[in-house]
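The values are calculated or read from the model by the stated rules, or taken from the named source; none is laboratory data. Quantities reported herein were computed from a predicted structural model and do not represent experimental measurements. Note: ideal-geometry Cβ built from the backbone for every residue, glycine included; neighbour counts use all protein chains shown. Side chains are part of the model used for accessible areas, which takes the heavy atoms of the whole protein and leaves out ligands, DNA and RNA. Shrake-Rupley method; radii C 1.70, N 1.55, O 1.52, S 1.80 Å.
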Amino acid sequence: MTTSARSARPGAVVAFSAVLAAACVIPDAGIEVEDEFLNPGAVRIVEPTPITPRADDDCDERTSLRACPNIPDTLPSGLIRPAQPLCICPSGERNPFGAGFDLFVEDPDVDDENNPKDEILGALLLDIPLDAEDPRDFLAYPNLLLPDEPARRYRAADVPTIERPDPHLKSWPLAPLGDLDLCNDNGGDPVGDGLHELRLIVTDRPWYRPAMLDASGEPVYDENGEVMFHDPVFGMPDLRAGATYDTATYVFRCYDPSLGTLPEGIECNCES
């Protein structure tokens, strides 16, 4: 026969309650950890989403937008399929495959006045291998995207939303004043024949800066007692500082007519 807590001796009830309290897991609801590196929202590369006519009709019925909101047309990540082959042209000639476009990012972190709080940086890396030790060796197309140039705020009115907060969209315009030429204009230089991978990486904190170390491996301090750092490693997010990051990859092929790699019957579209 068992004895209920009500009929148990008072001392036994007190002892049982003490054991129960010691074993209880305190719920963490409402607890907020404050940290100078706190970064609740992750940065995200945004690309257009294909919308069906039926979805546009539904959005038209529910809103005054006439169609589902989407970001402006841009080049989607993945394989680039131009109408004409991309060629490495003779010196001084170009082979653009299209007009410039914008890269879009969003980050939900805002300040007390609901303005975007994080500065978003991006870099383009060409053919970076998995075992690369320093992404700066593969930085590409500085004429298109400077790794220390923050993305610019995009007008919220241009990207309306339905039942979600303002995405605080930001962008970098690539080749805004002319056509895009990936094979001949990597900062003024051509790229090699064959397939290439162009990776976009974005982050919501300054790029990682390694600390200066002395001969014994200890940090070097300045006259104010502060640790000294090397220059930023463009293309490497500073995870130590709470950074988040996102990547997108483009694949394209460049043909070099002088090597005979161009498929038969296809001509380059080089122009001076």
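Right, T161: open to solvent by less than 20 Å² (accessible area, probe 1.4 Å), over 24 Å from Q84 (Cβ atoms) and within 24 Å of the chain's Cα centre (by Cα) or not?
Details: open to solvent by less than 20 Å² (accessible area, probe 1.4 Å): no; over 24 Å from Q84 (Cβ atoms): yes; within 24 Å of the chain's Cα centre (by Cα): yes.
Taking the combined requirement at face value, the residue does not satisfy it.
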Would you tally the residues in the stretch 192-225 being touching a residue at least 24 places away in the same chain (Cβ under 8 Å) and either of a type in the set (S, T, N, Q) or assigned to a loop (DSSP other than H, G, I, E, B) (or both)?
-> 9
Of all residues in the stretch 76-89 being part of a loop (DSSP other than H, G, I, E, B) and under 24 Å from the mean Cα position of the chain (by Cα), which is farthest from R205 (Cα to Cα)?
-> R81
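Does R205 satisfy the criteria of being open to solvent by 80 Å² or more (accessible area, probe 1.4 Å), among the charged types (D, E, K, R) and modelled with pLDDT of 90 or more? Give the derivation first.
Values: open to solvent by 80 Å² or more (accessible area, probe 1.4 Å): no; among the charged types (D, E, K, R): yes; modelled with pLDDT of 90 or more: yes.
So R205 fails the test.
Residues of the stretch 174-191 being in contact (Cβ under 8 Å) with a residue 40 or more places away in the chain and open to solvent by 40 Å² or more (accessible area, probe 1.4 Å), which ones? Talk me through it step by step, then tell me what you get.
First, pick out the residues of the stretch 174-191 that are in contact (Cβ under 8 Å) with a residue 40 or more places away in the chain: 174-188, 190-191.
Correct list: P176, L177, D179, D185, G187, G188, P190.
Which one is farthest from R44 (Cα to Cα) among residues in the stretch 237-249 that are outside any strand (DSSP E or B) and open to solvent by less than 60 Å² (accessible area, probe 1.4 Å)? Full working, then the answer.
Our first condition is that a residue be outside any strand (DSSP E or B); within the stretch 237-249, this holds for 237-244.
Remaining after also requiring open to solvent by less than 60 Å² (accessible area, probe 1.4 Å): 237-238, 241-244.
On the way: P237: 14, D238: 16, A241: 18, G242: 15, A243: 12, T244: 9 Å.
Ranking the qualifying residues of the stretch 237-249, first place goes to A241.
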Among the residues of the stretch 111-134, the number that are touching a His at 6+ places or on another chain (Cβ under 8 Å) and among the charged types (D, E, K, R) is 1
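Quick one: how many residues across the stretch 250-272 are at pLDDT 90 or above and open to solvent by less than 50 Å² (accessible area, probe 1.4 Å)? Break it down into steps so the answer makes sense when it comes.
Filtering the stretch 250-272 for residues at pLDDT 90 or above gives 250-256.
Cutting the leftovers down to open to solvent by less than 50 Å² (accessible area, probe 1.4 Å) gives us 250-252, 254-256.
So the answer is 6.
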Do we have any residue at all in the stretch 136-143 that's surrounded by 14 or more Cβ atoms within 10 Å (Cβ to Cβ), on the phi > 0 side of the Ramachandran plot, part of a loop (DSSP other than H, G, I, E, B) and not polar (S, T, N, Q)?
-> yes
Filtering the stretch 106-130 down to residues that are closer than 14 Å to L200 by Cβ and part of a strand (DSSP E or B) yields L121, G122, A123, L124, L125, L126
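Every residue, every condition in (1) loosely packed, with under 13 Cβ neighbours inside 10 Å; (2) in contact (Cβ under 8 Å) with a residue 24 or more places away in the chain; (3) assigned to a helix (DSSP H, G or I); (4) under 29 Å from the mean Cα position of the chain (by Cα), yes or no:
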residue	(1), (2), (3), (4)
L38	yes, yes, no, yes
A42	no, yes, no, yes
P48	no, yes, no, yes
E61	yes, no, yes, no
R66	yes, no, no, no
I71	no, yes, no, yes
T74	no, yes, no, yes
S91	yes, no, no, no
F104	no, yes, no, yes
Hits in the stretch 144-173 (condition: within 14 Å of V105 (Cα to Cα), among the hydrophobic types (A, V, I, L, M, F, W, C) and outside any loop (DSSP other than H, G, I, E, B)) | A156, W172
